[in-house]
Amino acid sequence: MSKLQFSFSVLDRFIHDVQKPVAHPTAGDAKRASSAIDDIINNVPLIDELNVKGLRDLIKLAEKGKFTDMKNKASEAISDYQIIESFYKKKVLPTAESLESKDKEKQPKLKEVTDSLLNPSYELMNTYTSDDRPHGQDLVNSRLLHQHNTTEINERSQDVSFSIHNQNPMITDISDTNRPTKVAEQFSALYDNEWTDAFDAIARLEGQKENIEKEIIIYLDDVLRNIYVYTVKRVPALVDNIALQLEQTMLDPVSSTKEKVTNPSVIHNSKFQRYAKTCVKETAKLSIQALIQDFKKTELRPSLQKYQDNFGVNKYMDKCLEICWFMNVLDPPMVLKWPMEHQEAEDLAENFRHYTKAGIQLDFAVWPALLFYDQGPLVVKGVMQMK
């Protein structure tokens with residue numbers, strides 16, 4: 001059993017004890033469960049404190065022996081556990097087992113590959129007997145061939161590494177301040193802070209108008225939708241433009257004239273595309289102000305300009321664009337998902353929580369859910385109003 005599997009078994013036991021009608025988890029059980037959560041968060045890139053808030057609250061109550069209060073928190077904690085356990089079993093565990101299996105398959109050839117790289121004439125020398133091994137110019141030629149092959153191997157390994165990252169978005173750089181978990185935290189804070197402030201600001205302007213709450217929510221949702229679509233389109237256009245500029249500069253490094261990029265749809269060398277994506281991602285903050293100005297000037301529909309001059313609404317727009325930009329410069333980009341009217345209430349409940357009313361039919365979307373990538377696991381639940 002791996003360390004992660006053990007941590008999940010500790011949590012599973014804790015949840016089992018919580019559900020018992022008579023017995024309760026002890027303070028020691030709670031402490032072990034807390035350590036298990038720490039281990040899971042530290043070793044599974046996507047799972048963070050946002051995903052285990054209900055569990056943390058329940059554990060704190062168990063540590064203090066507040067068993068009556070635990071009943072009110074149990075359902076949320078159980079839901080948290082089921083989500084992270086399901087994610088681990090469906091996404092993380094199969095990947096780990098697959099990598100372990102492939103690693104074992106490669107072991108027999110490891111020494112041969114290592115010797116080949118460390119000893120330039122290893123492969124060639126092993127094809128000859130002791131009497132007919134190459135000497136002089138033949139040996140020089142073999143070493144030149146090895147140098148060429150090594151260079152090609154290094155270039156291919158970089159491409160393979162980049163491809164592996166693209167095909168396995170679970171691999172994240174924990175030093176990246178704008179990695180998916182951090183963007184998810186900002187997205188949650190956007191709803192708790194700027195969205196709330198903008199809602200209150202509009203409510204004060206409109207007074208006690210009938211159905212004003214629904215109108216404000218739909219307005220704020222439309223703002224986010226439009227900004228999200230804008231950033232989805234802008235990132236690939238910017239990447240293509242930078243990649244083409246890089247390619248043109250390297251093809252003609254002595255030219256002092258700046259040629260206008262006229263065909264950004266040209267297929268670039270994969271390296272230029274990779275460098276462009278990295279550039280856009282690592283310098284994302286530099287683009288924010290220019291994008292905010294461009295969106296408000298060229299993309300903001302008349303119906304969305306109504307409250308544009310309000311400080312709270314303006315701040316909400318700016319923050320929406322900043323976070324949506326950070327989502328889309330990731331590779332692969334994070335995805336916002338809105339509830340659909342044709343979906344069953346049970347299906348909606350997997351990705352959205354209720355606003356103020358439960359029911360069997362969707363009334364309107366309040367806040368979108370955030371996915372790790374397209375068709376990927378849920379990172380932050382959205383909010384919906386039912387009827």
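Coordinate-derived values only; no laboratory data. Only a predicted model underlies this, so the values are computations on that prediction, with no experimental measurement involved. Cβ atoms come from the backbone with ideal geometry, glycine included; neighbour counts cover every protein chain shown.
Please list, in order along the stretch 241-254, the HN-Hα scalar couplings obtained from phi with the Karplus expression 6.51 cos²θ - 1.76 cosθ + 1.60 (θ = phi - 60°), rounded to whole Hz, x for Gly and Pro.
These are the phi-based 3J(HN,Hα) values: 5, 5, 4, 5, 4, 4, 5, 5, 5, 6, 6, 9, x, 9 Hz.
At 0.36 nm per residue, and after removing the present C-alpha to C-alpha distance, how many nm does the segment from SER86 to LYS53 gain when stretched out fully?
10.2 nm
Would you list GLU76, GLU344 from fewest to most Cβ contacts within 10 Å?
The fewest-first ordering by Cβ neighbours comes to GLU344, GLU76.
Only counting other Cβ atoms within 10 Å, I'd like VAL232, VAL380 sorted with the fewest neighbours first.
Fewest-to-most ranking of VAL232, VAL380: VAL232, VAL380.
Report the full-extension gain for the segment ASN193 to ARG179: residue separation times 0.36 nm, less the Cα-Cα distance, to one decimal in nm.
2.9 nm
Starting from the Cα gyration tensor of the stretch 180-333, multiply each eigenvalue by 5, take the square root, and state the resulting semi-axes largest first in whole Å.
They are 38, 16, 11 Å, listed largest first.
With the crude spin-label approximation of a point 7 Å out along Cα→Cβ, what separation in nm comes out for ASP294 versus GLN308?
Here the answer is 1.7 nm between the modelled labels.
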